[in-house]
Amino acid sequence: MSRAWHRSVLGAAVLGMGVLLTGTSAGAGSVDKTPFGNTQDGKAVNLYTLTNDRGASVKFIAYGGIITAINVPDRWGKLDNVVLGFKELADYESMNPYFGALIGRYGNRIGGAKFTLDGTQYQLAANNGPNSLHGGTKGFDKVVWAVEPLSGVSGAAARLNYTSKDGEEGYPGTLTVQVVYSLTNDNELRIDYEATTDKPTVVNLTSHSYFNLAGDGTGGIDDHILTISADRYTPVDATLIPTGQLASVTGTPFDFRQGAPIGARIRSNDPQMAYGRGYDHNFVLNRSGSGLSLAARVYEPRSGRIMEISTTEPGVQFYSGNFLDSTLIGAAGQQYRQTDGFCLETQHFPDSPNKPSFPTTVLKPGETLKSTTIHKFSTDAS
Ligand code: GLA
């Protein structure tokens, strides 16, 4: 299957839009920049705030492209931060379980930490049992991105650039990556990814925010009502590598087609739930065509907040924060316990480089990877 089928033409349209202006906006949205400290090896890191004309904001840092806050209204109009995060750069550097980060070169796992492309075997860092997770030892979540503020007619935006050297973390080819974060005046966080390579390689880019729509630090996410547009999911082995099967969700805890509280079946004795200590699985999105299509919807009844995720990607990893173990202290001073946040990482399927039947993650010279994911925030009052 060609890599082009899922690539968004919409992403290309926005990235190429002449209406985007550099610098802070005169009018609607704004982009602010403040220092956020230095990395352990002395690189200055800035914190950027995108604010739209409704007062919603998204904050991110150049280190890892990490989204540190998403402030959106509840049903009474009160803004709260709906993502987990830390206070200090040092915490992001030393103990981050990928909170808010850009993930690459390969989001999720590659089995046995190796793959073969055009007859050559590539060895990756085994940083998750026998497997390679989220790009290896120093993935895109741990590098400092070059950031350029942009402003558009609707909301505010910034472009992040990173060039990954040939052989970095064991992957072939120099990979040039560009990510645009936009906060529109419709309270949509839009993430547009682009990448090119000078040698055939594999790529799977995603964003790893942990959400709690009641607000960061307000407790567990069991009561959030989740809908996922997926008739099938990819069951895994004990090390969370897909078996290759596309299994029906019917009659399993993975059936979120009608909407269900996250906590309703999380303690089920389905063996798949034991492997992930909860949900840590890739869903095969129901989609027609290659454009944006609705992947998931999450509703939090107390605050009335709703998040709808649309994507051009074929899959989404639903992770219920199972490895949070009360050892991390968040920005608001509270402990993060198991299932205090959830992730919905839009992506190609895990271990695709070793699974020829899955949609391909191979990127070749001359091709441009384009991928778009939109998080639309609203409430049951709007
Ligand atoms: C992904 C993985 C999980 C876990 C988190 C980070 O969601 O699928 O298993 O590693 O990242 O802790």
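The values are calculated or read from the model by the stated rules, or taken from the named source; none is laboratory data. Computed from a predicted structure; not experimentally measured. Quick reminder, even Gly has a Cβ in these numbers, built from the backbone with ideal geometry, and neighbours come from all protein chains shown. We work out accessible area using only protein heavy atoms, side chains counted, and drop any ligands, DNA or RNA first. Shrake-Rupley method; radii C 1.70, N 1.55, O 1.52, S 1.80 Å.
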Selected residue [in contact with a strand residue (DSSP E or B) (Cβ under 8 Å, 6 or more places away or on another chain), open to solvent by 30 Å² or more (accessible area, probe 1.4 Å), away from the ligand (no atom under 11 Å from the Cβ) and assigned to a loop (DSSP other than H, G, I, E, B)] from P356, P365: P365
Filter segment 125-135 down to the residues that are more than 11 Å from the ligand (Cβ to nearest atom) and within 13 Å of G107 (Cα to Cα) and list them by number. S132, G135
Just to be sure I understand, how many residues within segment 169-179 are surrounded by fewer than 23 Cβ atoms within 10 Å (Cβ to Cβ) and in contact with a strand residue (DSSP E or B) (Cβ under 7 Å, 6 or more places away or on another chain)? 5
Show the residue pairs meeting these rules: Cβ distance below 6 Å; 6+ apart or different chains; first residue within segment 186-205 and open to solvent by 40 Å² or more (accessible area, probe 1.4 Å); second residue small (G, A, S). D198/G173; K199/G173
Which of the residues spanning segment 241-267 are without any contact (Cβ under 8 Å) to a residue 40 or more places away in the chain and β-branched (V, I, T)? T243, V249, T250, T252
Criterion (at pLDDT 95 or above and either surrounded by fewer than 20 Cβ atoms within 10 Å (Cβ to Cβ) or in a strand (DSSP E or B) (or both)) met by exactly one of G18, G37: G37
Please work out which residue is most open to solvent (accessible area, probe 1.4 Å), limiting yourself to segment 294-326 and to residues that are assigned to a strand (DSSP E or B) and hydroxyl-bearing (S, T, Y). Y299
Taking segment 129-168 and keeping only residues that are assigned to a loop (DSSP other than H, G, I, E, B) and open to solvent by 50 Å² or more (accessible area, probe 1.4 Å), one is left with G129, T137, K138, V153, S154, K165, D166
With the checklist (1) within 16 Å of the ligand (Cβ to nearest atom); (2) open to solvent by less than 10 Å² (accessible area, probe 1.4 Å); (3) under 17 Å from the mean Cα position of the chain (by Cα) in hand, flag the one item I221 doesn't pass. (3)
Consider T339 carefully, then state whether it is in a loop (DSSP other than H, G, I, E, B) and open to solvent by 50 Å² or more (accessible area, probe 1.4 Å). no
